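**Student:** Please find one structure pasted underneath; my questions will follow.
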Amino acid sequence: MDQHIEIEFKNLLNEKEFKQLLDHFQVHSSTFKTQQNHYFDTAKFQLKSQNSALRIREKNGQYELTLKQPASEGLLETNQAITKDIANSFLKEGIFPEGPVHDLIIENNLIPEDFTCFGTLQTDRSEFPFQGGLLVLDHSSYLGHEDYELEYEVTDRADGQKKFFKLLESLQIPVRKTENKVKRFYRAKFSD
C-alpha cells in the first residue's frame, strides 16, 4: 500500500494550447503512455457524496486500485497494487479486492459489495519534471468526449500555485476552472 497527500493544479486546454505546450517543452509523441481509469461508486453515489473517488488504473500491464479522499490540504490518495485477475473480478463480477482500500471503504461506513463500475476514461499521458514538481500533459477520451489538460503535481501548495500560474501566463493560456477527471466523466455520463 502507498498512501500520500496529492497536491496538484489543473487547467483544461484546447487542442491548440496542448500543441503549444508540446512544442514549448519539446515533448515527443513517443513519451505518451496510455492508461485506462475504471471508475467505481455505489448506485447512490455514496463516495461522490463524500467528495471521494475510487478507480482501477490500468497502465503498462499493471493494475492499481486507488481511493482518493479529501484531506486538510489536497487529497489523501491510497494506492494498492492488484493483479489483472483481481481487477477483472471487480470490473466484471463486483468482487471488491481485499486489502487497505477495502478496509478504508468499511471504515467510511460503506459496503464493498455495493460498488459497481460506471465506465472507463482513457488518457494518453506524458509527464516530466518541472521546477521541483511534475508537469503532466493529458489527452483524455471518454463517453464520446475528449479533452486536454495540464496538471502540475507538487509538495508545496503556495510555491506550486505560483509556478503553475506563471507558466500559464508566460504562454498566454487562460486559467480555467477545471474539475478532476472523475467529475468530468460523471458529468458527461449523466448529462448526455
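The values are calculated or read from the model by the stated rules, or taken from the named source; none is laboratory data. Here the structure is a predicted model, which is why all the values come from computation and not from measurement. For neighbour counting, all protein chains shown are included, and Cβ atoms are generated from backbone atoms with ideal geometry for every residue, glycine included.
**Student:** From the list K33, K16, K48, which one is at pLDDT 95 or above and either of a type in the set (D, E) or under 15 Å from the mean Cα position of the chain (by Cα) (or both)?
**Tutor:** K33
**Student:** Among the residues of region 1-17 satisfying the criterion of being closer than 17 Å to A71 by Cβ and of a type in the set (D, E), which is surrounded by the fewest Cβ atoms within 10 Å (Cβ to Cβ)?
**Tutor:** D2
**Student:** Follow-up. Please give the number of the condition I106 fails out of (1) closer than 20 Å to Y186 by Cβ; (2) of a type outside the set (G, A, S); (3) in contact with a Pro (Cβ under 9 Å, 6 or more places away or on another chain).
**Tutor:** The one condition I106 does not meet is (1).
**Student:** If you don't mind, there's one more thing I want to ask. Output the qualifying pairs, or none if there are none: Cβ atoms under 6 angstrom, residues six or more apart or on different chains, first residue in region 1-27 and within 15 Å of F165 (Cβ to Cβ), second residue among the aromatic types (F, W, Y).
**Tutor:** Short answer, once both residue conditions are applied: F9/Y152; F9/F164; L13/Y148.
**Student:** Here is a list of conditions, (1) within 17 Å of M1 (Cα to Cα); (2) surrounded by 15 or more Cβ atoms within 10 Å (Cβ to Cβ); (3) not aliphatic (A, V, I, L, M), and T83 meets all of them except one; can you say which number that is?
**Tutor:** Condition (2) is where T83 drops out.
**Student:** Out of (1) touching a strand residue (DSSP E or B) at 6+ places or on another chain (Cβ under 6 Å); (2) outside any helix (DSSP H, G or I); (3) at pLDDT 95 or above, what's the single condition that is false for L91?
**Tutor:** It fails just one condition, (2).
**Student:** Here are the criteria: (1) of a type in the set (A, V, I, L, M); (2) more than 19 Å from D2 (Cβ to Cβ); (3) out of contact with any helix residue (DSSP H, G or I) (no Cβ under 9 Å at 6 or more places or on another chain). Tell me which single one L75 does not satisfy.
**Tutor:** Going through the list (1) of a type in the set (A, V, I, L, M); (2) more than 19 Å from D2 (Cβ to Cβ); (3) out of contact with any helix residue (DSSP H, G or I) (no Cβ under 9 Å at 6 or more places or on another chain), L75 breaks only (2).
**Student:** A follow-up question, please. Restricting attention to region 141-192, which residues are farther than 24 Å from F45 by Cα, in contact (Cβ under 8 Å) with a residue 24 or more places away in the chain and hydroxyl-bearing (S, T, Y)?
**Tutor:** Y148, Y152, T155
**Student:** Anything in region 92-125 that is small (G, A, S) and in contact with a Ser or Thr (Cβ under 7 Å, 6 or more places away or on another chain)? List them, or say none.
**Tutor:** G94 - this is the single residue of region 92-125 that is small (G, A, S) and in contact with a Ser or Thr (Cβ under 7 Å, 6 or more places away or on another chain).
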